[in-house]
Amino acid sequence: MTLSTSSNPENSVAQSHSSISSHTPAWYRPTFSPEHGVYVVLLVSFLTGAAAAQQWTIATTWALICAFAGFQAEHPLALQIKQRRSWKPRFLTWGGIYGGISLSLAVYLYLRTPLLLWLYLGAIAALLLDAIAVFYRKQKSVVNEILTFAAVCLATPFAYAATGGTLTVSVFGLWLLNTLFFSSAIFTVKLRKPKISSLILGMIYHAIASLIIVGLWLCGWLDAIPALGFGVVLLKFGLILGRREWYQTTQIQNVAILETFSASIFLAIVAISLLPAHLSAVA
């Protein structure tokens, strides 16, 4: 008597392997970061830098593509580090493609504006530290997440320098403003877990961040209106505290909508205050 295909262990294993292989994306399929919130951070930070430069040139466009490609290159790199027991052609291929695009544009922009090198060094250092954190499974630590936001928010001085060819203390003030604004999400999202320590940590962060913003304004690193833009995140934090039960149980999509809405208001306040008078009137 012969065994049917379904009862043959070897055939079952082969079918299982075939099923798994059929669901594994081919190496030529592009990878895209699923961190949708970081897309918002990158775009808002870049636009505030471009608004501070008060113009948009072809170099600004190249800088935006460079920043986006660099962000996309990090995703397959992190996945390869997590699955380091074997090489994944898809991750290596698209990490190389995105990295190649970003590096090519970075070199082109550097030849136009050599001081961009300092921003590149900062971004590379952040990437290395993040890779180490991923290797040791520490990528979700508060310190590493703040570092990640700080690295993404380098898009602010990057857009400014690539467009205007200079860097000023005020644009670094904007970088810190963006970093502190978006890092708030680290602590508000932790409130979705019913831990009193998360609440205390969030209150401490927002208090310290507010003091830093006031200090930047007093030192002349930030103008009054952009500094007041930080109030958006304080209002959001207060709303979350007032509706904490809802916030802890609502779907993650609603959290994303809240974060995107507050980021949009923040961008409107900061960007309009930085634009030239005639453009501000139009906006």
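The values are calculated or read from the model by the stated rules, or taken from the named source; none is laboratory data. This structure is a prediction, so every number in the text was calculated from the model and none was measured. Using ideal geometry, Cβ is built from the backbone for each residue, glycine included, and neighbour counts are taken over all protein chains shown. Remember, those area values only see protein heavy atoms, side chains included, never the ligands or the DNA or RNA. Shrake-Rupley method; radii C 1.70, N 1.55, O 1.52, S 1.80 Å.
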Using only alpha-carbon positions, what ratio does the radius of gyration of the chain give when scaled by 2.2 N^0.38 Å? 1.19
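By the gyration tensor of its Cα atoms, with a ≥ b ≥ c the square roots of the eigenvalues, what is the shape of the stretch 157-214: rounded for a/c under 1.5, prolate for a/b over b/c, or oblate? Before the final figure, lay out the partial values.
On the way: a/c = 7.10, a/b = 2.56, b/c = 2.77.
It is oblate, given that a/c is not under 1.5 and a/b is not larger than b/c.
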Per DSSP, the loop-located chymotrypsin sites (Phe, Trp or Tyr not before Pro) within the stretch 40-94 having at most 10 other beta carbons within 10 Å are W87
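Over the chain, with the other protein chains present, what is the accessible area per residue in square angstrom, probe 1.4 angstrom?
Working: 15820 Å² over 283 residues.
On a per-residue basis, the chain sits at 56 Å².
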Let me know the volume per residue of the alpha-carbon convex hull for the stretch 65-191, in Å³. 102
For the stretch 188-281, what is the per residue volume of the convex hull drawn over the alpha-carbon atoms, in cubic angstrom? 93
What shape does the stretch 73-135 have by the C-alpha gyration tensor, where a ≥ b ≥ c are the square roots of the eigenvalues, rounded means a/c under 1.5, and otherwise prolate means a/b greater than b/c and oblate the rest? oblate
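Only helices at least 27 Å long along their axis, Cα-based, and averaging -1.0 or more on Kyte-Doolittle count here, so list those DSSP H runs from the chain.
Details: long enough: 58-82 (37 Å, 0.88); 89-112 (34 Å, 0.73); 116-135 (29 Å, 2.27); 169-190 (33 Å, 1.49); 196-218 (34 Å, 2.05); 252-274 (33 Å, 1.80).
Helix filter hits for the chain: 58-82, 89-112, 116-135, 169-190, 196-218, 252-274.
What's the extension gain from K138 to E35 if we count 0.36 nm per residue and subtract their Cα-Cα distance?
Details: separation 103, 0.36 × 103 = 37.08 nm, distance 1.70 nm.
Result: 35.4 nm gained on full extension.
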Across the chain, how many lysine pairs separated by 8 or more positions, or lying on different chains, have Cα atoms within less than 23 Å? 13
